[in-house]
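The structure appears right after this line, and notes come after that.
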Amino acid sequence: MANSFYGGIKINKTGLSHGVSPKVFTPAAVAINAYQQAGGDTAPCIKEGEYVKKGQVIAVSERLAYLHAPVSGTVVRLLTKDNSHYIVIKSDK
């Protein structure tokens, strides 16, 4: 069946048809506001200096809303400002 639209990435059995994988941008560091609308403010469950993996739970709220690390790396700062927690992770790229 032919595609009903033009463009997109074409994949065959060996990978991408043009042989080059798309590049994904990974930031050097991320600052995450731990406030979650559904769960309210969350408390970090990690410590400064701890290594975290992408997808690892880094904070939990009273209503059990989980916050996950968007990148793998080292937690460099845990901040509290304006009654909210912030987590800064330096990416290991």
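Values quoted throughout were computed directly from the atomic coordinates according to the rules given, and no laboratory measurement underlies them. Just so it is clear, the model here is predicted, and its values are computed rather than measured. Backbone-built Cβ (ideal geometry, glycine too); neighbour counts: all protein chains shown.
The phi-based Karplus calculation (6.51 cos²θ - 1.76 cosθ + 1.60; θ = phi - 60°) puts the 3J(HN,Hα) values of the range 46-53 at 10, 10, 4, x, 7, 8, 10, 9 Hz, whole numbers, x for Gly and Pro.
For Val71, the residues 5 or more places off, or on other chains, whose built amide H falls under 5 Å of its own are Gly55.
Placing pseudo-labels 7 Å out from each Cα toward the beta carbon at Asp82 and Lys23 gives an inter-label distance of 3.5 nm. Between amide H atoms placed 1.01 Å from N, distances below 5 Å from Val76 occur with Gly49, Val88, Ile89, Lys90, all of them 5 or more places distant or on a separate chain.
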